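What follows is calculated from the coordinates using simple rules that are stated; it is not laboratory data. Since the structure is predicted, the reported quantities are computational estimates derived from the model, not experimental observations. As a convention, Cβ positions derive from the backbone with ideal geometry for all residues, glycine included, and neighbour counts pool all protein chains shown.
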Amino acid sequence: DDELDVPAEFNSSSSWSHRVRNCLDEDLEGQVKVGTPTGTLSLRRLFAYIGPGFLVAIAYIDPGNFDTDIRAGAMYQYKLLWMLALATVMGLFVQFLACKLGLITQRDLAQQCRASYPKNLNIFLWVMAEVGVIASDIPEVLGTAYALNLLFGIPLVWGVIITALDTLAFLMLQYASIRVLEFIIGVFLMIVSGCFIIELFWSGISVVEMLEGFIPFYGVTEGQGSFGGYGAAAIGLLGAVVMPHNLFLHSALVKTRDIERSRLGIKEAMIYNVIECAIALFVSFVINFSIISISASLFYYNPDAGLNEASSLLSVLGSAAGIIFGIALLASGQSSTITGTYAGQFVMEGFLNLSISMWKRNLVTRSVAIVPSLLVAVLWGTSGADDLIVWSQVLLSIQLPFALVPLLKMTGSAKIMGVGYANGTILQSVGWFIGILIIIANVILVGFSVMDYLDLNRWMGWIVLAIGVDIGILYVVFLAYLSYYAVDSNSKPPVIQSEPYNEEMTEFIDEDEDLFRLPDDDDDEDLVPFGEE
């Protein structure tokens, strides 16, 4: 009774992602042992938890971020640094919720959606999640193609085709342990961060203007483009940083740690995971900050700045700058492909209970992403490819509420999380504030886009306006329904091992803290295992 009953349907495969999910098997191969909780923080124990947050952080520095950051700096100089900081903090918050769901329920977000929603709604959410995964893969395809062009002179079209060879890498990676995967991603992350820190020092940024960039909307009228363009850039930056597939990924990856299923063990794991994720996202923030600052310093008032033009624009720093940028871009594209494929596999298996090999999953996703990338590269060249990357980031922002709303509903449910582990009032209010803010921002983005089109083509603009209003209404209505739907109607909370409270072992945990409060002793009798009436 001290263990959570994981349904047998989730334990039917020996694939890596299924081994991640079957976290309660004591003989689980590849699961990282973290030891018995001690009640004190230590670097040695923190090292055992390092990994999932860095895999998640890769999505914060994918080629889509590169392109969006370069455009933000080139068009608005340092004026969007505040949005980058806000998006990173928001990202840490939602990643904490995803981590919390996985640790406590031992189900990732996709699995919990499958258990909580009716079939039709579950299928729709799966489609939305897959759209998000594919949208995130488009910048990885184009970013890798750009990197191959910078480093080896391969034309963009052929570079897009060559990215299909990434599938071969997954034939090897699918047999790697989680620690090997984390090491590979860590190396990629260090390569990217090292490259941009070097170029940041070479570029010579304005410290005063950089600090002013952390003031929301400060001096926005001084930049090029309309305020609508500024809003689109800000929301695109949000979409580039906070990605929906990361919520599915993180809620699954935290289960690679073999933690003690006690109140102290879970709370200690939550604290270590938050610290680890904060460190990883800080590294990603430094990288994104460096890219925006470099672009602001070197490319300002250049509306054509993007991934393709960046290497030539960086030539003012010397020939090595373009090569360094190409290496960073290639490392970013490959690492993002790895984590994106894992996220896609968790999405498919969780929603549909359908398991396929990683290389097959990558082949399907990559094939779908290559089609629009190749079409745009052939018809419109590099400028069209840059625009496709930007709009893929906007699409990710629009997709985010379809993952965030279920996450908030589930982590706020005592029936799903267990008494004392559901989000408190403050935590839940902050989460809904972020969700509503994103929804409003997306509606405004659609409005800005329609108004810009209306200025260019008045008659067609009215048609686009009518379609945009209809889509916006449907978007808001569906998300309102999703927010209202009772996800806990058929759910049972997990069982946490009972243990006597030891004040010395838990002195670093504040019982009054809303995020990590302990359940009352009387709450234990209310906890019922999954599957029991």
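Our summary gives segment 40-402 a relative contact order of 44 percent, counting only alpha carbon pairs under 8 angstrom and 6 or more residues apart. Between the beta carbons of Leu354 and Ser319, assuming R0 = 45 Å, the FRET efficiency works out to 0.40 to the nearest 0.05. With 23 Å as the limit, the listed pairs Lys119/Lys415; Lys255/Lys409; Lys119/Lys255 have Lys119/Lys255 beyond it between alpha carbons.
Note down the net charge around Ile61, summing +1 for each Lys or Arg and -1 for each Asp or Glu among other residues with Cβ under 13 Å from its Cβ. Combined, the nearby Lys, Arg, Asp and Glu give -4. The label-point distance for Ile161 and Phe124, in a model that sets each label 7 Å from Cα toward Cβ, rounds to 4.1 nm. Restricting the calculation to alpha carbons of segment 102-142 gives Rg and Dmax of 12.9, 38 angstrom. Note on segment 40-402: along the principal axes its Cα atoms extend 56, 45, 37 Å, ordered by decreasing extent. Taking every C-alpha pair closer than 8 Å and separated by at least 6 residues, the mean separation divided by the residue count of segment 368-427 gives a relative contact order of 15 percent.
The distance from the alpha carbon centre of segment 467-489 to that of segment 359-397 is 27 Å, rounded to a whole number. Distant-in-sequence amide contacts of Asp258, defined by a placed amide H-H separation under 5 Å and a gap of 5 or more residues or a different chain, comprise Val32, Lys33, Val34. By the beta-carbon count within 10 Å of each Cβ, the least crowded to most crowded order of Lys79, Lys33, Lys360, Lys409, fewest first, is Lys33, Lys360, Lys409, Lys79. Overall shape: oblate for segment 319-390, with the ratio a/c of the largest to smallest alpha carbon gyration tensor axis at 1.5 or above and b/c at least equal to a/b. Taking 7 Å steps out from each Cα toward its Cβ at Ala466 and Phe183 produces label points 6.2 nm apart. Summarising the label geometry, the points placed 7 Å from Cα in the beta-carbon direction at Phe282 and Met190 lie 1.8 nm from one another.
Sorted fewest first by neighbouring Cβ atoms within 10 angstrom, Met210, Met90 come out as Met210, Met90. Cβ crowding within 10 Å, taken as a proxy for footprinting-reagent exposure, orders Asp387, Asp470 from fewest neighbours to most as Asp470, Asp387.
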